[in-house]
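Take a look at the structure set out below.
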Amino acid sequence: MQAARQVILNPSGYSIYASIDPYILTSLLYPSNITSWYIAIAGDQMVIAYSPNLPKPLLDVVNNLTNAEWSALRSGNYAEAMVITREFLNLIFSNETFNMAHKYGAYAIGISNPNTDPEGYRALMVLQLTGIYWGLGKDYYVNLFNQANSTGNVYEVLAGSELFGPVESGKVWFDIAIYKSSAVSANIPYFPLPPQVNLGSPQYSSFYSKASATIVVGGSNIVVKGAPIQLAVTIPNQAPDKELAAEVILYLISPSGHELMESLGIQPLTPALFYGNLSNAPPLIRAFVNSSLLAYGG
């Protein structure tokens, strides 16, 4: 969201805008006449990162649950994975964990601000979807999070990347939740989540839409609904170098670009998907629509 605001303030200062949530792009940049199209180039999913410097008894439990989760996911036993996910969340939100964190001078939970970072509101969506799945209600785990926040157990930052250091050092024990690509690139251990709640599987789009978050942007409330995570890129109408920007985007959707993204834990879309007003895209981009690299998504 912060990047979108910067582009709106200086529309001729940027050649490429990228967002981990296309809704932010369409709700902020489209109305401001910054752009009228975007390309979804990759997907991602949410995971729960944890500190490698947890107290050993807690770390042993966390590692055991994580290994069991990986085993359930690899075998396709998503029902079992959801059982383990619930157990993992219950561990994080337990009084025992909170008391232990206080004893060690640490924060049990870290999160980025939902008003400044999509990762923040997606973390809340993961909690909502888990509560819905178990019939506990949409707000069950969110309420537990709010209680933790009110008792000083939550460390909040403006952007998810600001949690890498605190989690690594043990100042923050659990990051609920971050992008898998962020955990991989930062080399932080993480607990994987089942597709029902990780916001990474298009086949669960209908279920994801049951989650929502109200964020404040420019003094106005915007309701964001849960949806599969997509990395979207566009070229502002007043970009200083549209041709070079188009070449960069074409590289990202090429096999070489896919290899780069995969090395960072990002899952490229094959083909990438073009959305919006095709006639406003640069000629080089338009030439590749409906090719093996880029399909028209609507």
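Identify all residues within segment 183-205 that are closer than 23 Å to A72 by Cβ and free of Cβ contacts under 8 Å to residues at least 24 places away in the same chain; write none if there are none. Q203, S205, listed by residue number. Please enumerate the residues belonging to segment 98-127 that are among the hydroxyl-bearing types (S, T, Y) and open to solvent by 40 Å² or more (accessible area, probe 1.4 Å). Within segment 98-127, Y104, Y107 meet the criteria.
Condition test on I109, is it touching a helix residue (DSSP H, G or I) at 6+ places or on another chain (Cβ under 6 Å) and either within 24 Å of S181 (Cα to Cα) or part of a helix (DSSP H, G or I) (or both)? Yes. Contact map, segment 89-111: residues that are in contact (Cβ under 8 Å) with a residue 12 or more places away in the chain and under 18 Å from F191 (Cβ atoms) paired with residues that are open to solvent by 10 Å² or more (accessible area, probe 1.4 Å) and assigned to a strand (DSSP E or B), Cβ distance under 6 Å, separation 6+ or inter-chain. Pairs shown: Y107/Y155; I109/V154; G110/Y155; I111/E156.
Put simply, of A245, A211 the only residue that is among the aliphatic types (A, V, I, L, M) and farther than 21 Å from P114 by Cα is A245. Would you kindly identify the helices (runs of 4 or more DSSP H) lying entirely within segment 209-298 that contain at least 3 residues that are aliphatic (A, V, I, L, M), crowded, with 16+ Cβ neighbours inside 10 Å and touching a residue at least 60 places away in the same chain (Cβ under 8 Å)? The qualifying helices (runs of 4 or more DSSP H) are 242-252.
Inside segment 158-203, residues that are of a type in the set (V, I, T) and either over 15 Å from the mean Cα position of the chain (by Cα) or open to solvent by 20 Å² or more (accessible area, probe 1.4 Å) (or both) make up a count of 4.
The values are calculated or read from the model by the stated rules, or taken from the named source; none is laboratory data. The model shown is predicted, which means the values in this text are computed figures rather than measured ones. Cβ coordinates were reconstructed from backbone atoms using ideal geometry, including for glycine residues, and neighbour counts include every protein chain displayed. SASA here: full protein model, heavy atoms, side chains in, ligands and nucleic acids out. Shrake-Rupley method; radii C 1.70, N 1.55, O 1.52, S 1.80 Å.
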